[in-house]
Every structure is written in C-alpha cells, then in structure tokens.
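Here the structure is laid out as structure tokens; the discussion comes afterwards.
The values are calculated or read from the model by the stated rules, or taken from the named source; none is laboratory data. On a predicted model such as this, the values are computed, not experimentally measured, just so you know. Virtual Cβ from ideal backbone geometry, glycine too; neighbours counted across all protein chains shown. In case anyone asks, the SASA skips ligands and DNA or RNA and just uses the protein heavy atoms, side chains included. Shrake-Rupley method; radii C 1.70, N 1.55, O 1.52, S 1.80 Å.
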Amino acid sequence: MPTPQSTGLDEPVLAGPFHLFDGSFIVEFLTPHPSRNATVLMRATYVHAHPNTKLGKTHPQSPPLHLHFDQSETFTVLSGAVGTTDSWAAVDRIWTKEDGDHEIAPWVPHRFWPSPSATEDTTILVWAHPTNVPEPMDWLFFQNLLMLVSDITEKKRPMNPLPIMLIQHISATALVWFPTATWLGPLRWWVPFQIQAAFAQVARWCGYTPLMEKYTPKEEWEKYIRPKKD
C-alpha cells in the first residue's frame with residue numbers, strides 16, 4: 001500500500017486501517033498537511049482480488065449521487081483505477097495516477113466507485129476543503145458513516161435510515177435525484193434534502209446523535225458527549 005510519503009507531504013496516520021465491507025475496502029485517516037487546508041484526509045483502498053470490487057458502481061461502499069454545499073472534495077489516485085460519476089450530466093470517467101489531482105467543487109453531483117478494469121489494488125487519497133465552513137466533514141463523520149453502512153451491509157446491524165440520514169445531514173450534504181432532468185431544476189437536490197432533514201429531526205427526537213459511541217474512539221466520544229452532559 002502506498003505510504004503518505006508517496007505524496008511528498010508528512011501526513012501521519014490518525015486512525016486505522018479499518019477493513020470494511022467484508023474486507024473489500026480499507027480506509028485510513030491521515031493528519032492533513034496544512035497546505036491542503038483540509039478538514040479530513042483519507043487513504044482508501046479497494047482490494048482488487050475481492051469480488052465486491054468487481055461490482056463497480058454497485059459496490060456496497062459506493063455512495064449514491066450527492067453534492068456538498070460548502071466543501072470541495074479533491075482526490076488523487078496512487079495506484080490502480082477509480083471511477084467517478086459527476087456533474088449534472090452524470091458523466092462516468094475512470095481515473096489513474098497519471099491524471100493527478102482532481103477537485104470536485106461544491107454543488108457538483110458526484111460519486112466514487114471501484115473500476116472493475118483495474119489490474120491491481122486501487123488506492124486513492126481524498127480530502128475535503130476548505131476548513132472555514134460552518135458544517136465541515138471530518139474524520140469522525142466519515143468513520144461513523146462508513147462503519148455504520150459496512151455493518152448494515154454485512155448484516156451486523158439492521159437497516160435503519162434514521163442514523164444514516166442524521167450523520168449525512170450534519171455534513172451539509174444532499175442526495176441528487178434525476179440529475180439529467182434539467183426541467184426539475186433545484187428540485188433535484190432540494191426534495192431529497194428536505195426528506196433528509198425530516199428524517200434527521202425524527203432521529204434526534206428518537207435519541208440518536210450524529211456520532212455513535214460504537215464507531216467513535218473513546219477519547220473522542222468523551223470530548224463529544226461532555227458538553228451534552230453539562
């Protein structure tokens with residue numbers, strides 16, 4: 001697996017590696033170099049030999065088409081090949097390390113998926129930036145969301161949309177429906193965002209919190225829950 005030094009920056013591992021989705025997806029959270037102006041930096045690997053990786057867009061880790069209101073996501077491929085679907089035209093493209101960094105700006109629909117055509121493990125770096133936004137995506141957000149969805153996929157816990165919607169809602173993120181139906185205009189994200197907001201509110205009424213103790217390191221959980229006890 002490529003190391004942080006392969007990027008030319010000193011970015012030590014903050015948490016992980018975590019082997020998720022039946023071992024087909026490995027993620028580490030790194031400490032982003034100040035030059036990235038990032039709130040989170042992930043090194044993610046799709047294991048080439050795993051059957052899930054051959055599923056491409058239907059890999060259980062691959063998120064639905066979505067957009068972020070405040071932050072960009074930039075990624076670079078370190079090995080293998082990764083696919084993206086992005087823009088309101090829902091264009092598919094395969095990326096390799098020769099393509100360098102690619103920024104997905106706020107308000108641009110997108111999703112990532114493993115390329116079935118890759119001939120080796122695919123490892124990418126992904127970071128969210130800038131830092132000065134009201135609802136930033138951080139490593140605890142991604143760790144909770146990825147672990148929760150992985151456990152649901154592996155049937156370690158029942159499917160419940162309430163915690164998923166709540167976790168997603170705090171990151172200024174909205175799903176996108178029918179992106180190429182231009183006549184729908186902003187309804188393509190506004191309707192799913194309002195549904196998400198309703199689920200998030202119900203989740204709070206039911207006692208859910210955006211972070212879950214099971215998926216949060218003890219020290220971070222204590223820092224998170226302490227203000228709620230005061």
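Observations on the model:
- Here the accessible area is traced with a 1.4 Å probe on the protein chains. For the stretch 89-142, carbon and sulfur cover 53 percent of it.
- Chain lengthening between E220 and W183 when straightened (0.36 nm per residue, less Cα-Cα): 8.8 nm
- With contacts taken as Cα pairs under 8 Å and at least 6 residues apart, the stretch 24-147 reaches a relative contact order of 35 percent.
- Taking a straight line from the alpha carbon of K54, these aspartates and glutamates sit under 15 Å away, with near neighbours fewer than eight places off in the same chain left out: D22, E120, D121.
- Considering only E28, E220, E135, the mean-square fluctuation computed in a Gaussian network model of the chain, springs between alpha carbons under 10 angstrom, is largest for E220.
- Exceedance of the 24 Å cut-off in Cα-Cα distance is limited, within the set K155/K223; K156/K218; K57/K214, to K155/K223; K57/K214.
- Value of Rg to Rh for the stretch 13-134, rounded to two decimals, is 0.95; Kirkwood radius and Rg both from alpha-carbon coordinates.
- Cα pair distances exceeding 13 angstrom across the stretch 151-219, given as percent: 69
- Other residues lying with their Cβ under 13 Å from the Cβ of D101 contribute a combined charge of -2, Lys and Arg counting +1, Asp and Glu -1.
- Counted charge near S87, where neighbours are those whose Cβ lies closer than 12 Å (Asp, Glu -1; Lys, Arg +1): 0
- In the full protein context, the stretch 13-134 carries 40 Å² of accessible surface per residue, based on a 1.4 Å probe and ignoring ligands, DNA and RNA.
- Averaging 1/r over each pair of different alpha-carbon atoms in the chain and inverting the result gives 18.3 Å, the Kirkwood hydrodynamic radius.
- Over the chain, Cα pairs under 8 Å with separation of 6+ residues give a relative contact order of 20 percent.
- Relative packing of peptides 176-183, 144-151 - highest average C-beta neighbours within 10 Å first: 144-151, 176-183
- Among 83-92, 154-163, the peptide with the highest mean count of other Cβ atoms within 10 Å heads the list, and the full ranking is 83-92, 154-163.
- Label-point separation, F69 to K54 (7 Å along Cα→Cβ), nm: 4.2
- Based on Cα contacts under 8 Å between residues 6+ apart, the stretch 151-219 shows a relative contact order of 39 percent.
- Virtual spin-label span in nm between I94 and K155, 7 Å along Cα→Cβ: 3.3
- 10 Å beta-carbon shell around I124, net charge (K/R +1, D/E -1): +2
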